[in-house]
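**Q** My questions all concern the structure below.
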Amino acid sequence: MAPTTDNAGNTGDASTARASLEALRAEIAKAVVGQDPAVTGLVVALLCRGHVLLEGVPGVAKTLLVRALASALELDTKRVQFTPDLMPSDITGSLVYDARTAEFSFQPGPVFTNLLLADEINRTPPKTQSSLLEAMEERQVTVDGTPRPLPEPFLVAATQNPVEYEGTYPLPEAQLDRFLLKLTIPLPSRQDEIDVLTRHADGFNPRDLRAAGVRPVAGPADLEAARAAVAKTTVSPEITAYVVDICRATRESPSLTLGASPRGATALLATARAWAWLTGRDYVIPDDVKALALPTLRHRVQLRPEAEMEGVTTDSVVNAILSHVPVPR
C-alpha cells in the first residue's frame with residue numbers, strides 16, 4: 001500500500017515521520033521561547049494516544065504552546081475556559097430542537113476537535129470535569145444514549161494554576177490517572193524572557209501564528225506512521241521488570257499514601273518507548289525510562305501530609321526511587 005499524504009505534503013512514511021516530528025521544535029520555537037521539554041511531552045502524548053496536564057502560573061505561554069503545536073501539525077484545536085458555572089453539555093454538545101423540522105439535532109461541543117485546550121480545568125465542579133472522562137478514555141461522547149466518536153488524533157491538554165487554590169476543585173485521583181503526562185511549565189530564564197520581550201517589541205502577535213512564520217511541518221499521516229514505528233520498538237524483559245520495580249517502589253515509599261497503579265506502569269512503558277523512538281532507537285534503554293518517569297508518575301502518587309509539611313515533593317520522591325532501584329545492565 002502506498003504511503004498516505006496529508007495537506008502539509010508529508011508522506012507519512014516512518015523514515016520521514018521522525019524527521020518531521022523533530023522539526024516541530026524549531027517550528028514551535030518561532031512562537032514559544034524555551035519550552036522544548038513541554039513540546040517533547042506533547043509529542044510523546046500524541047504518539048501514545050494520551051493526554052497531558054500542564055501546570056504553570058498564568059502567562060507562561062501554555063495556551064500559545066498548544067495553538068502553535070496544532071498549527072505546526074495542521075490539526076484543529078479549540079479552547080474551553082473552565083469556570084464554576086460551566087455545564088457538561090457546554091463541552092460535549094447537546095440536542096437542539098429544530099422548530100422547522102420538529103426534530104432534535106445534535107450540536108457538537110468543542111470536544112469535537114483534535115487538540116482540546118481545557119484551560120484551568122480545576123476551576124469547574126467535578127460533574128463538569130467528569131464529562132471529559134469518557135472522551136479521554138473512550139474517545140467518544142454519549143448524548144441521549146447515542147455514542148459519537150471523536151476525531152483522530154485527539155488530545156486533551158488541560159491546564160491548572162499551581163499557586164492559586166481559592167475557588168478551585170482539585171482533580172480526583174481517578175481523573176488524574178487518565179492523564180498520560182503531567183508537565184510543569186516553568187518561568188523562563190532571564191535570557192529567554194529578554195527574547196520574549198524583544199519579539200514583542202519587534203511586532204510579534206501571539207494571536208497571529210502565520211505572521212510569526214509557524215507553518216505545518218508534519219501532519220496526521222506522520223503521526224500514524226510514527227505510532228506504528230513506536231509499536232515495533234523493542235522492550236526487553238529486563239526493561240519491563242525495571243518499570244515494574246520503579247512503580248512497586250512508589251507503593252512502598254514511606255513518604256507516599258498512594259503509589260503508581262499498574263496503569264501507571266503501563267503508561268511509563270509506553271512513554272519510554274515513544275521517547276526511545278524519537279531519539280533514534282528501535283529499542284528501549286533504562287535512560288528512556290528515567291527520562292519519562294517524572295512526568296509520567298508525578299501526578300499518580302500522593303504524599304503523606306507529614307511529608308508534605310516537611311517540604312517533600314512528589315518529584316523528590318520519584319527521583320529518590322530512581323536513584324535506589326537497581327538499573328538493569
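**Q** Looking at segment 27-47, can you tell me whether even one residue there is within 23 Å of Leu180 (Cα to Cα), part of a strand (DSSP E or B) and open to solvent by less than 50 Å² (accessible area, probe 1.4 Å)?
**A** no
**Q** Something else about it: Residues of segment 57-74 being outside any helix (DSSP H, G or I) and either within 14 Å of the chain's Cα centre (by Cα) or of a type in the set (D, E, K, R) (or both), which ones?
**A** Selection gives Glu74 alone.
**Q** Let me ask something else. Which of the helices (runs of 4 or more DSSP H) contained wholly in segment 227-329 include at least 2 residues that are farther than 16 Å from Gly50 by Cβ, of a type in the set (Lys, Arg) and open to solvent by 70 Å² or more (accessible area, probe 1.4 Å)?
**A** On the way: elements: 237-252, 262-278, 286-297, 305-309, 314-324.
Here the list reads 237-252.
**Q** So Arg49 ticks every box in (1) basic (Lys, Arg); (2) in contact with a Gly (Cβ under 7 Å, 6 or more places away or on another chain); (3) closer than 22 Å to Thr279 by Cα but one. Which box is left unticked?
**A** Going through (1) basic (Lys, Arg); (2) in contact with a Gly (Cβ under 7 Å, 6 or more places away or on another chain); (3) closer than 22 Å to Thr279 by Cα one by one, Arg49 breaks only (2).
**Q** Is it fair to say Val156 is part of a strand (DSSP E or B) and open to solvent by less than 30 Å² (accessible area, probe 1.4 Å)?
**A** Judged against the criteria, Val156 is a match.
**Q** Can I ask one more? So Ser105 fits all but one of (1) under 27 Å from Arg300 (Cβ atoms); (2) touching an Asp or Glu at 6+ places or on another chain (Cβ under 9 Å); (3) open to solvent by 30 Å² or more (accessible area, probe 1.4 Å); what number is the exception?
**A** Here Ser105 meets the rest and fails (1).
**Q** Right, next: Check segment 259-279 and report whether any residue there is without any contact (Cβ under 8 Å) to a residue 60 or more places away in the chain, touching a helix residue (DSSP H, G or I) at 6+ places or on another chain (Cβ under 8 Å) and of a type in the set (Val, Ile, Thr).
**A** Yes, segment 259-279 contains a residue that is without any contact (Cβ under 8 Å) to a residue 60 or more places away in the chain, touching a helix residue (DSSP H, G or I) at 6+ places or on another chain (Cβ under 8 Å) and of a type in the set (Val, Ile, Thr).
**Q** Shifting gears a bit: Would you be able to tell me the number of residues in segment 137-160 that are touching a residue at least 40 places away in the same chain (Cβ under 8 Å) and in contact with a helix residue (DSSP H, G or I) (Cβ under 8 Å, 6 or more places away or on another chain)?
**A** Final tally of qualifying residues: 11.
**Q** Moving on to the next point. Tell me yes or no: at least one residue of segment 97-105 is assigned to a strand (DSSP E or B) and modelled with pLDDT of 90 or more.
**A** Step one: of segment 97-105, the residues assigned to a strand (DSSP E or B) are 97-98, 103-105.
Now restrict to residues that are modelled with pLDDT of 90 or more: none.
Scanning segment 97-105, I find no residue that is assigned to a strand (DSSP E or B) and modelled with pLDDT of 90 or more, so the answer is no.
**Q** Another question about this same structure. Could you list, in sequence order, the residues of segment 56-69 that are at pLDDT 90 or above and surrounded by fewer than 23 Cβ atoms within 10 Å (Cβ to Cβ)?
**A** The first filter runs over segment 56-69 and keeps only residues at pLDDT 90 or above, leaving 64-69.
Passing the criteria: Leu64, Arg67.
**Q** While we're here: Kindly list the number of the only condition in (1) more than 24 Å from the chain's Cα centre (by Cα); (2) part of a helix (DSSP H, G or I) that fails for Gly203.
**A** If we test Gly203 against (1) more than 24 Å from the chain's Cα centre (by Cα); (2) part of a helix (DSSP H, G or I), just (2) comes out false.
**Q** If you go through segment 182-210, how many residues are of a type in the set (Val, Ile, Thr) and more than 21 Å from Ala26 (Cβ to Cβ)? Show your work before the answer.
**A** Of segment 182-210, the ones of a type in the set (Val, Ile, Thr) are 184-185, 194, 196, 198.
Retained after the next criterion (residues that are more than 21 Å from Ala26 (Cβ to Cβ)): 184.
Number satisfying all stated conditions: 1.
Yes or no, residue by residue, for (1) modelled with pLDDT under 85; (2) aliphatic (A, V, I, L, M):
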| residue | (1), (2) |
| --- | --- |
| Val163 | yes, yes |
| Gly167 | yes, no |
| Glu193 | no, no |
| His200 | no, no |
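**Q** Pick from segment 263-289 the residues that are within 15 Å of Thr40 (Cα to Cα) and not aliphatic (A, V, I, L, M): which of them is nearest to the chain's Cα centre (by Cα)?
**A** Per the stated criteria, the residue is Thr271.
**Q** Just checking, which of Thr142, Thr168, Thr128 is open to solvent by less than 70 Å² (accessible area, probe 1.4 Å), part of a strand (DSSP E or B) and either touching a Ser or Thr at 6+ places or on another chain (Cβ under 7 Å) or among the hydroxyl-bearing types (Ser, Thr, Tyr) (or both)? Spell out the reasoning first.
**A** Numbers: Thr168 fails: part of a strand (DSSP E or B); Thr128 fails: part of a strand (DSSP E or B).
From the options Thr142, Thr168, Thr128, the qualifying one is Thr142.
The values are calculated or read from the model by the stated rules, or taken from the named source; none is laboratory data. It should be emphasised that the depicted structure is a prediction, and the values quoted were computed from it without experimental measurement. Here the Cβ is made from the backbone with ideal geometry for all residues, glycine too, and neighbour counts use every protein chain on show. Surface accessibility is based on the protein's heavy atoms, side chains included, excluding ligands, DNA and RNA. Shrake-Rupley method; radii C 1.70, N 1.55, O 1.52, S 1.80 Å.
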